[in-house]
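Let me begin by presenting the structure, written as structure tokens, before commenting on it.
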Amino acid sequence: MLQPRIAAPLQRAIRNTPGICLRYNTWTTHCSTPQPFARHFISAPVLRHPELSPKPTEATSIPDSNPKDDDIFVPKPLGRPIGFKDPPQPGENTGVARPKKDYSGMTWSQRNLAKRQDLVDKWSTNYFRDFKNIRKYRSGKTFIGNSHIYKRDKALYFPNFHGNTLKEKNANTTSVLQGKVSVVNVYSSQWGEIQTQTFTGKSTNAKLHEIVAQHAGRAQMVDINIEENFLKAWIISLFKWKLKSARSPEEWEKYFIVRKGVSERIRETIGLLNGRVGYVYLVDQECKIRWAGSGDAEGTEMEDMNRGFNKLVMEAL
């Protein structure tokens, strides 16, 4: 075997070579002694002995962050119009699943372009996507109503809601909203209904009811009660007589009970992010959203809404 004869002279040569000897001895020392596993990274920014570390002072100590600070959300006025690009049609959003769009007869390139355009149309008007995790602030207030209404050519459309009214079944909001200027209250709980009353209640906003009474043929108030829970909807139907007694027969067709068809896309597009919160919309005769408010009325929101509603009524003359 030649390996021992070659290895022995090679070791002597390495030991006798200056500069290599030190590295060789260090290497042999480390190899002969088993070394414990060492971490190659640390989580502390600076390694320092505890006794030598300076004690934190008022200037250097870092205050504990309040976990509630991360949940604080300050509502702001809407930056741009909300709603859908396409006008609503009666019979939409009934809750019945529609068949998927047929892309047959297209090339792969045409199909990809069509699907891409469908996605752009679906999400391009979603103003509230970043606000989806909002929970509580000012009783759930999501946004503040603008001081002015949206311009007619810039405004977007209010969707169609399908449900039952106090007068008939299988009714559509679009059929009621078209041709009139409407104040639309949308809520899903008694708390949300009370919040809408801070905008449109008779005791809190008599001026609004005067405008509706003076222009009964062009102005109206519409309530949309979204109740997707079967048991709660059944309870509402039992007390329908009470809802009728609180309204005139002319108002029965303007109170909707909606159980299906309110998709996440609708909620995120017009701002119905919190099911317990009430929302108020000014909708013109073309079913366009010209103003919107949420939660309890604050500051000058009620006055701004009245001024915008009166302007829309005058435009409809």
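The values are calculated or read from the model by the stated rules, or taken from the named source; none is laboratory data. Predicted model only: the values in this text are computed from it and were never measured. Please note: Cβ atoms are built from the backbone with ideal geometry, for glycine as well, and neighbour counts cover all protein chains shown.
Key figures
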| read-out | value |
| --- | --- |
| Top-ranked residue of segment 56-109 - restricted to ones that are under 30 Å from the mean Cα position of the chain (by Cα) and among the aromatic types (Phe, Trp, Tyr), ranked as modelled with the highest pLDDT | PHE84 |
| Residue match in segment 270-287 (condition: in a helix (DSSP H, G or I) and of a type in the set (Lys, Arg)) | no |
| Top-ranked residue in segment 250-268 [being β-branched (Val, Ile, Thr) and crowded, with 22+ Cβ neighbours inside 10 Å; ranked as modelled with the lowest pLDDT] | VAL262 |
| Segment 152-172 residues that are without any contact (Cβ under 8 Å) to a residue 24 or more places away in the chain, paired with ones that are of a type in the set (Ser, Thr, Tyr) (beta carbon under 9 Å, 6 or more apart) | ASN170/THR94 |
| Residue within segment 282-299 that is closer than 23 Å to LYS180 by Cα, surrounded by fewer than 20 Cβ atoms within 10 Å (Cβ to Cβ) and either of a type in the set (A, V, I, L, M, F, W, C) or at pLDDT below 95 (or both) present | no |
| In segment 264-317, the residues that are closer than 16 Å to ARG152 by Cβ and aromatic (Phe, Trp, Tyr) | TYR281, TRP291, PHE309 |
| In segment 195-237, the residues that are among the β-branched types (Val, Ile, Thr) and surrounded by 14 or more Cβ atoms within 10 Å (Cβ to Cβ) | THR196, THR198, THR200, ILE211, VAL212, VAL222, ILE224, ILE226, ILE236 |
| Top-ranked residue of segment 160-194 - restricted to ones that are of a type in the set (S, T, N, Q), out of contact with any His (no Cβ under 8 Å at 6 or more places or on another chain) and part of a strand (DSSP E or B), ranked as surrounded by the fewest Cβ atoms within 10 Å (Cβ to Cβ) | ASN164 |
| Test: residue in segment 122-140 that is at pLDDT 85 or above and surrounded by 13 or more Cβ atoms within 10 Å (Cβ to Cβ) | no |
| Scope segment 224-241; condition of a type outside the set (A, V, I, L, M, F, W, C) and over 11 Å from ARG259 (Cβ atoms); matching residues | LYS240 |
| Filtered residues of segment 198-207 (kept if assigned to a helix (DSSP H, G or I) and either in contact (Cβ under 8 Å) with a residue 12 or more places away in the chain or basic (Lys, Arg) (or both)) | THR198, PHE199, THR200, LYS207 |
| Residue list for segment 207-234, restricted to those being more than 29 Å from the chain's Cα centre (by Cα) and either at pLDDT below 90 or at positive phi (or both) | ALA216, GLY217 |
| Complete set of residues in segment 238-294 that are of a type in the set (Asp, Glu) and within 20 Å of the chain's Cα centre (by Cα) | GLU264, GLU268 |
| Which numbered condition SER245 misses (of (1) over 22 Å from SER175 (Cβ atoms); (2) in contact (Cβ under 8 Å) with a residue 40 or more places away in the chain) | (2) |
| Residue among SER189, SER175 that alone is among the hydroxyl-bearing types (Ser, Thr, Tyr) and either closer than 20 Å to GLU250 by Cα or at pLDDT 95 or above (or both) | SER175 |
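Residue by residue, here is whether (1) assigned to a helix (DSSP H, G or I); (2) more than 19 Å from GLY91 (Cα to Cα) holds:
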{"site": "ASP223", "(1), (2)": "no, no"}
{"site": "ILE236", "(1), (2)": "yes, yes"}
{"site": "LEU243", "(1), (2)": "yes, yes"}
{"site": "GLU251", "(1), (2)": "yes, yes"}
{"site": "VAL262", "(1), (2)": "no, no"}
{"site": "ILE266", "(1), (2)": "yes, no"}
